[in-house]
Every structure is written in structure tokens, then in C-alpha cells.
1. Given (1) crowded, with 22+ Cβ neighbours inside 10 Å; (2) within 14 Å of chain B (Cβ to nearest Cβ); (3) of a type outside the set (Ser, Thr, Tyr), where does A:LEU206 come up short, assuming only one miss?
2. Where residues in the range A:338-372 are within 12 Å of another protein chain (Cβ to nearest Cβ) and among the charged types (D, E, K, R), which of them is surrounded by the most Cβ atoms within 10 Å (Cβ to Cβ)?
3. Would you kindly identify the helices (runs of 4 or more DSSP H) lying entirely within the range B:267-379 that contain at least 2 residues that are within 21 Å of the chain's Cα centre (by Cα), more than 22 Å from B:ASN96 (Cα to Cα) and within 14 Å of chain A (Cβ to nearest Cβ)?
4. Would you mind stating whether A:ALA251 is assigned to a helix (DSSP H, G or I), at pLDDT 95 or above, at the interface with another protein chain (Cβ under 10 Å from one of its Cβ atoms) and touching a Ser or Thr at 6+ places or on another chain (Cβ under 9 Å)?
5. Going through the range A:3-32 one residue at a time, which ones are touching a Leu at 6+ places or on another chain (Cβ under 8 Å), part of a helix (DSSP H, G or I) and either within 14 Å of chain B (Cβ to nearest Cβ) or loosely packed, with under 12 Cβ neighbours inside 10 Å (or both)?
6. Filter the range A:283-320 for residues that are more than 8 Å from chain B (Cβ to nearest Cβ) and among the charged types (D, E, K, R); which is surrounded by the most Cβ atoms within 10 Å (Cβ to Cβ)?
7. Exactly one condition in (1) farther than 29 Å from B:VAL346 by Cα; (2) touching a helix residue (DSSP H, G or I) at 6+ places or on another chain (Cβ under 8 Å) is false for B:GLY226; which is it?
Amino acid sequence: MDLTFSQEQDELRTVVRSFLAKYSDEAAVRRLAADPRGHDAVVWRRMAGELGLQGLAVPEEYGGSGFGYVELGVVFDEAGRALLCEPYFATVALAAEALLRCADDQARADLLPGIASGATIATLALTEDSGRWDEPGIRLTAHDTPDGWRLTGAKTYVPDGLLADLLLVAARTPGGISLFAVGADAAGLTRTPLPTLDQTRKQARLEFADTPARLIGPEGTAWPVLERTLATASVLLAAEQVGGAAAALDAAVDYARIRVQYGRPIGSFQGIKHKCADMLVEIESARSAAYAGLWALDAGDDTETAVAAALAQAFCSEAFTKVAGDSIQIHGGIGFTWEHPAHLYFKRAKSSEVLLGTPSYHRELLAARLGI
Amino acid sequence: MELDFGPAVRDFREELRDWLADHLVGEFAEHRGVGGPTDGAAWEVRLAWDRELSAGGWLGVGWPREYGGRGLGLLEEIVFEYEYARANAPYRATGNALDLLGPMLLKVGADEQKKRFLPPILAVEELWGQGFSEPGAGSDLASVRTRAERDGDEWVVSGQKVWTSFGVHADWLYVLTRTDPDSVRHKGLSMLLLPTDQPGVEIRPIRNLAGQDEFAEVFLSDARTGADMVVGEVGQGWRTAMATLGIERGTTLLPQQLTFEREAESLIELARERGALDDPMLRRRIVDAWISVRVMRTTNLRTLAELTAGRTPGAQATTAKLYASTRHQQLGHLAQELAGPAGQIVGADYGLDTRQRSFLLSLAETIYGGSSEIQRNIIGEQILGLPKEPRP
């Protein structure tokens with residue numbers, strides 16, 4: 001197992017960072033944050049066409065590049081740093097993962113190439129009004145009819161649910177939890193945007209009224225698939241959180257170097273210097289937590305991944321929020337304004353904290369997985 | 001997660017595991033986990049254990065053969081430390097010379113110094129103490145005032161050193177001295193090797209808060225050592241000292257982390273016995289303790305992987321000490337809380353159990369090897385590039 005980054009992985013980071021510096025700079029983030037759909041089709045196509053980011057970890061047989069999770073983690077780290085507003089997390093970390101892990105070769109062959117090419121924006125609809133990420137939280141029902149499966153019920157807090165061309169929906173069937181694919185234009189589907197605290201990642205509420213859906217994988221077998229999908233997404237979200245935290249620290253450090261008070265740069269005062277040092281300790285520790293998850297994913301070790309994923313979410317969520325909050329503090333009054341980008345990171349941190357379950361929930365998952 | 005470095009290292013690991021299984025028995029096994037980087041307990045047994053290790057050829061795994069080492073590489077050294085800690089073997093009484101002085105001599109010492117001093121270290125024939133800190137120079141080593149003046153073929157050394165780990169046992173000291181009386185701060189310092197068996201050296205033990213003679217204060221009054229006992233260049237002692245401290249920060253964390261993992265496991269066991277896992281507040285702290293030792297493990301693996309790949313370790317190599325030392329203290333507080341009133345009761349002659357000793361000694365971890373405040377300055381200035389504090 002290689003626990004360092006290879007030269008190729010370093011190069012990937014450099015390429016993605018310079019791409020995002022150009023296409024996801026502060027102006028772009030603010031423009032998309034203010035837009036209800038929050039997506040730039042040109043940038044999305046370039047991400048796929050020039051860099052192959054949507055298909056990075058999709059196997060070659062489905063039109064992807066077949067790279068591993070460490071590579072994908074590098075991209076999410078950079079996406080977090082740039083506060084990328086594109087539906088990348090929903091499409092790649094949630095939907096593509098669910099498809100990759102389901103026992104349905106036909107669905108993979110039908111749906112993954114569109115994701116890999118950038119033609120399909122996709123998401124996973126799991127949470128409902130209860131806001132739960134566990135199996136009992138899934139109440140939406142599906143029933144089999146002579147014309148195929150139909151969904152009835154509602155999903156909410158669905159990342160990029162308004163934008164997605166393809167919705168993967170977890171539903172309860174007579175056989176248990178099952179996964180379904182629903183097209184954006186399906187009959188009986190109503191999509192309502194949810195105005196969000198963090199405007200850089202959109203959410204939607206989806207209502208299904210006898211909506212036709214395609215069963216993915218054997219009926220009743222989806223929960224283990226979803227559990228593994230959530231674990232993977234948790235690790236990738238952790239990588240994104242690390243990137244966001246690192247950017248928040250960089251901004252604070254840059255400011256502390258030039259902002260003069262009492263006749264010298266504030267970064268020369270230990271009160272500020274030590275706070276920045278503590279922020280870096282949080283970030284490097286969070287980086288370890290995220291990397292452990294990426295290594296476990298690349299090693300194909302489901303047990304280790306489940307542990308590392310819960311740990312990564314518990315740890316990285318809090319680290320990002322802490323660091324983003326400290327960054328506002330170091331920026332002083334200017335950091336508390338709408339004009340300054342510090343709040344964008346803080347809000348992304350707070351929303352990421354609950355995106356896949358709260359830190360407390362992940363601690364309980366971890367405790368259960370460790371038998372504590 | 002296990003480190004796997006290929007077949008040759010795997011054989012080395014097997015040989016080591018077998019040897020440890022055969023030799024870590026009897027009174028050595030009774031002293032598993034005894035001691036620590038700052039712990040003076042069970043000295044005689046640990047010294048005997050070091051001799052056992054020496055006889056088995058396990059001291060100086062990475063040192064050249066001509067000085068009695070095994071001549072193996074960094075990988076084997078890492079595997080040795082890892083397996084050694086995994087077996088919970090007693091802490092090495094000679095650690096100071098093995099981990100600090102030896103690597104320093106190998107790095108900047110003269111050939112004669114290496115030939116003279118390295119073999120007796122590996123044979124456990126000469127024990128060493130570090131004479132860096134002074135009453136007026138703890139973390140601020142540039143304030144060192146101990147003077148050394150040339151007198152013919154000798155240096156004459158006067159001053160006071162303190163916090164000399166295992167100083168009462170030291171046959172030799174490596175001492176940071178000011179050889180240019182007009183110099184200030186880190187200029188004009190030299191690293192001298194000084195025998196303790198002479199009238200000008202007086203060593204008094206200092207008891208630590210766990211009741212052990214862990215360190216000593218050293219009084220030097222016209223103590224003498226040869227002119228050829230300078231390590232590195234005269235006047236370049238600061239550079240030599242910094243090289244040593246870099247080694248110290250890098251090597252002590254791996255075995256420590258495995259100890260912390262064992263402590264976390266035993267903490268969970270204790271919590272289970274006492275029914276504390278049903279208390280959500282305690283369970284949260286227990287999970288956090290487990291998380292922090294797992295994070296330490298991954299951080300160390302990152303550094304080791306970078307070192308073995310020939311890369312310069314990233315920022316985590318510097319942040320690791322601050323993280324580990326503070327989190328270990330939290331773990332100790334939690335363990336004491338779980339132990340409840342029973343955790344306050346000690347044995348005869350202030351005899352501490354492993355948990356109590358580790359908890360109390362953890363208070364030193366945010367002080368030795370550069371205090372947490374110094375660590376934050378280093379991180380802020382050297383890694384983040386923040387401006388230095390103006391000096392008066």
C-alpha cells in the first residue's frame with residue numbers, strides 16, 4: 001500500500017487546482033451561490049472533457065479512467081478549497097458510487113457512461129422529513145405494477161436535487177430497502193428548491209406521486225449498497241472538508257501577515273500565531289482522518305472503510321467548522337461581512353456537518369462499528 | 001493498518017518477532033510497558049534488558065556495522081521501533097544515546113569520536129545524559145550560559161544544567177556550552193562531550209511529580225574535557241543541537257503512539273467493566289479518545305511513508321507532537337475519571353500503577369522536546385510563514 005502521494009497524484013492536484021482557480025474563483029462562487037440552480041454548464045463540461053473529473057474513478061468499461069479513491073480524494077480536496085458549486089459531490093460521490101456498488105450490471109452499463117462523460121448530472125435521494133440517514137428513516141414506498149415500479153412519498157435535503165437529470169431513490173418495498181432510478185422528467189415528480197444557509201450547495205425537496213421508476217439491483221438488497229455508498233461519500237466529503245479548512249487557514253494566514261495593528265503585523269502576536277498553529281494541527285489531523293478512509297477504500301477493505309468513514313466525518317466536520325470560524329475571528333470585523341469570502345467557508349462547513357449525518361451520529365456509528 | 005515494506009523487511013520483522021517472543025520473558029515480561037521517555041522506573045531491570053537486546057544485536061539496527069550496528073536502513077529501524085512497541089517491551093534505558101547522541105555523532109561527529117563512543121553505546125557499557133537545558137534556558141536554548149574555555153589541550157567547563165534525563169546514571173554528558181564569551185543567542189555555542197567521573201562534575205537527582213529520579217541537575221565547576229571532544233565545528237553548537245532535536249521529535253512518536261493505542265484499548269475495557277459505556281457523555285469522550293489515537297497512527301504513517309519514499313515530510317510531521325501530547329493528556333484525565341475514587345489510591349512508597357504513572361507523566365509531554373507554546377511558534381513561523389515576534 002502506498003501511503004504517500006505519487007508524482008502523478010501531485011500533478012493531478014496541480015492541474016485541478018489551477019483549473020478551479022480559474023473557473024471557481026470567488027466571483028464564480030458568488031454568482032452561482034445567488035443562482036437558484038447554481039450550476040455553470042460550460043464549466044461542468046470542461047471538468048469532464050478537459051480533465052475527466054466526473055469519470056476519474058469510474059472503471060474504463062463504463063467510460064471512466066479507472067483511477068482510485070486517493071486520486072478522487074485529491075479532486076475533492078481541491079473542490080473544497082475552491083468551494084466548487086457544481087453538482088460534483090452529488091453526481092460522483094453519491095450517485096456514481098451507488099451505481100458502482102449495486103448488483104446490477106445493466107444499470108451500470110446504461111447509466112455510468114453518461115455520468116463519466118459529464119452528460120448526466122445525478123444525485124442520491126435518501127433523507128426524508130425525519131432528516132435521518134439510517135435504514136428506518138426510509139419510509140417512501142415503491143410498489144410493483146404491471147407497468148413497472150411506482151414511487152410514492154417524499155425525499156428532502158437532496159443535494160442538487162433540482163438540477164439532477166438522474167435521481168437514485170431509496171425506497172421501501174415489500175422485500176425491504178430497494179434502489180430506484182428516476183428520470184428528471186418522470187410523471188408525478190415535483191421538485192422544489194430549498195433555500196439553503198450554505199448557498200454554494202443546493203438542496204431540493206422531491207415529491208413522488210405514483211412516479212414510474214426503474215429498479216436498480218435485486219429488490220430488497222439496497223441497504224448494504226447504500227451503507228457502503230454513504231461510507232465512501234463520507235470519506236470524500238471529509239477530503240472536501242479538509243480542502244475547505246485549508247483554504248480558510250490560508251486566507252487567515254495571508255491576512256495575519258499583512259494586517260498591521262499596534263505597529264506590527266497581527267500574525268507576529270502569539271495570540272494570533274498560536275491560533276493559526278492550532279488551526280493547522282486540526283487540519284493536518286483531519287487530513288490523516290480523511291486519508292485513512294481513502295487508503296481503506298483503495299484497499300477494498302469494507303470493514304476498515306466503515307470505521308474510517310465514521311471517524312472521518314466525526315472529525316473532519318468539526319475541524320472544518322472550527323477552522324472556518326477561527327478564520328472569521330482572525331479577519332476581525334471584515335471577516336464578519338457579506339463582502340468577505342470567510343462566511344462562505346463557514347456556511348459550507350456548517351452545511352457539510354449535517355450533509356451525511358451529524359458528528360454525533362457518526363460517533364455513534366463509529367462506536368457501533370467498534371463494538372463500544 | 002500494517003506497514004508492509006516487501007520480503008526482505010518481512011524476514012527481518014519475523015526474526016525480530018521471534019526473538020522478542022523468546023527473550024521478553026521472566027522479569028523482563030513483568031516490566032512490559034514500564035518506563036517511558038521520561039520515566040525512571042525499574043532502572044536495573046531495564047538496563048539488564050538493554051544488555052539482552054545488545055547481545056541479540058538489536059541495538060543500533062540502522063547504525064553502520066563498523067561501530068557495532070546492523071548496517072540496515074531506515075525501513076528496518078522503523079519496523080524495529082514498531083514491533084518493539086507492539087510487543088510492549090520495556091523502554092530502553094539507553095534511549096538517550098541511541099536516539100539522540102548516536103544519530104548526532106553519525107551525522108556530524110568526527111571519525112575518532114564515532115569509533116570511540118558508538119561501540120560502547122551499543123554494548124551498554126557507557127550511559128549518556130543530555131546537557132542542554134539550564135535553569136535560565138529551558139525551551140530557549142539560545143540563552144545557554146554554561147561557559148567553556150580552552151586551556152591548552154582541554155576545555156574547562158563551568159555552569160549548571162538541569163532536566164538531564166537519567167543524569168544520575170550518566171557516564172558522559174553531551175553539553176551545549178558557550179565557547180565565545182562575547183557571543184549572544186545562538187552564535188558562539190559549541191557541543192562538548194564531557195566525562196562525569198571527575199571532581200568538577202556534581203550530579204544531583206531531581207524527583208519528578210510521579211516520585212521518580214527521572215532527571216538530574218548537573219553542576220559543572222572547572223570540569224575538563226579534551227579539545228577533541230567538540231561535536232561539529234567550534235561555534236556551531238546550535239546547528240548540532242537543532243539537528244539532535246529534529247531527530248528527537250521524529251523518532252519518539254511512533255513507539256509512543258502504540259502505547260497510547262494500548263491505553264485507549266484498556267480505557268475502553270475499564271469503561272465496559274464499570275458500565276460507563278451506557279453514559280452518553282462518557283461514551284462520547286471515550287469515542288473521541290479512540291479517534292485521537294487512530295488519528296495519531298495515521299499521521300505517523302504519513303510521515304513514515306514520506307521518509308521511506310525519500311520525501312521531505314509534510315507539515316503533519318511538525319504538528320504531530322502538539323496533537324499527540326495534548327490528546328494523550330485528555331485520555332489520561334478520562335482514564336482517571338473512569339477509574340473513579342479507586343484511581344486515587346496508590347501503592348506503598350507512592351507506588352503507581354501503569355495508568356496512574358502514564359497519566360502523571362503525560363503532563364511532561366507538552367513540555368519536553370519543545371513545549372507546546374514553542375511548538376506553536378515553530379508551526380506559526382516555520383510552516384505558516386507568520387512573522388517572528390520582535391525581539392527587544
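1. A:LEU206 satisfies every listed condition except (2).
2. The selected residue is A:ARG363.
3. B:280-308, B:316-339, B:372-378
4. Here the answer is no, as A:ALA251 does not meet what is asked.
5. Correct list: empty.
6. This residue is A:ASP298.
7. (2)
Yes/no matrix, rows are residues, columns are (1) of a type in the set (A, V, I, L, M, F, W, C); (2) closer than 21 Å to B:LEU220 by Cβ:
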{"position": "B:ALA89", "(1), (2)": "yes, no"}
{"position": "B:ARG92", "(1), (2)": "no, no"}
{"position": "B:ALA97", "(1), (2)": "yes, yes"}
{"position": "B:MET104", "(1), (2)": "yes, yes"}
{"position": "B:LEU118", "(1), (2)": "yes, no"}
{"position": "B:TRP128", "(1), (2)": "yes, yes"}
{"position": "B:GLY167", "(1), (2)": "no, yes"}
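The values are calculated or read from the model by the stated rules, or taken from the named source; none is laboratory data. Worth saying up front: this structure is predicted, and the values here are computed from it rather than measured. Ideal geometry is used to build each Cβ from the backbone, glycine not excepted, and the neighbour counts take in all protein chains shown.
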